[in-house]
Amino acid sequence: MRSASDLSLPPTRARLARILFALIPALASGIIGCAAMGGPSPSAPVAKKEPYLLLRLGERLLYVKDDDVVPPTEGFLVAIGRAQYPTPTGRFQVNEMVQNPDFLVFDFSNPKRPDRGRIAPGPNNPLGLRWIAFAEAHGWAVGFHGTTKTEVLGQAVSHGCVRMRNEDIVKVYDRIKVGTPVVVEQ
């Protein structure tokens, strides 16, 4: 026997409507119950955002960013490529990381000539305590590296590389890995 509200609906639609009306409060109480419990279950993994490097050439600052929303809080003062050998702009990724790197001496005006020697790690090494490569430009690898010549920071003086205080490059090195995105903006 059908109720007055079911008279306009065919029998199958009426049954479906009754089932839905019965389920809606049950579903709603389940949703409310989950919300009161505080979100996802403890076993659900929470994805941690990987950091990326943001270099703003005009500011002469490097930022280690964890997301795109929050403005950077700490910037590292850098020296960048001079007009003849500009630091390349665009999107890259870290492709090599070396602690206490060697420096192969070569002719910047003709980088295909044989190397002229090697400078071992230490106080005279122009790459400082760390090397983080991210691009190829001008015929050689370009990257972030340390320097003891901190008086040049804030200037455009290099052959495309990004120079940093040794203590700053160590901090950055410890937060990233090969594959970390690098964004270089004007």
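The set of residues from the range 164-186 being part of a helix (DSSP H, G or I) and either among the hydroxyl-bearing types (Ser, Thr, Tyr) or closer than 18 Å to GLU50 by Cβ (or both) comprises LYS171, VAL172, TYR173, ASP174, ARG175.
Residues in the range 68-93 that are farther than 16 Å from ILE132 by Cβ and polar (S, T, N, Q): THR73, GLN84, THR89.
Scanning the range 48-64 for residues that are surrounded by 15 or more Cβ atoms within 10 Å (Cβ to Cβ) and either modelled with pLDDT under 95 or among the aromatic types (Phe, Trp, Tyr) (or both) gives PRO51, TYR52, TYR63. Among all residues of the range 78-87, there is none that is modelled with pLDDT of 80 or more, loosely packed, with under 14 Cβ neighbours inside 10 Å and either touching a helix residue (DSSP H, G or I) at 6+ places or on another chain (Cβ under 7 Å) or not in a loop (DSSP other than H, G, I, E, B) (or both).
Looking at this structure, is GLN93 loosely packed, with under 12 Cβ neighbours inside 10 Å, at pLDDT 95 or above and closer than 18 Å to VAL172 by Cα? Spelling it out, it is not the case that GLN93 is loosely packed, with under 12 Cβ neighbours inside 10 Å, at pLDDT 95 or above and closer than 18 Å to VAL172 by Cα.
The values are calculated or read from the model by the stated rules, or taken from the named source; none is laboratory data. No experiment lies behind these values; they were computed from the predicted model shown. Cβ: placed from backbone, ideal geometry, glycine included. Neighbour counts: every protein chain shown.
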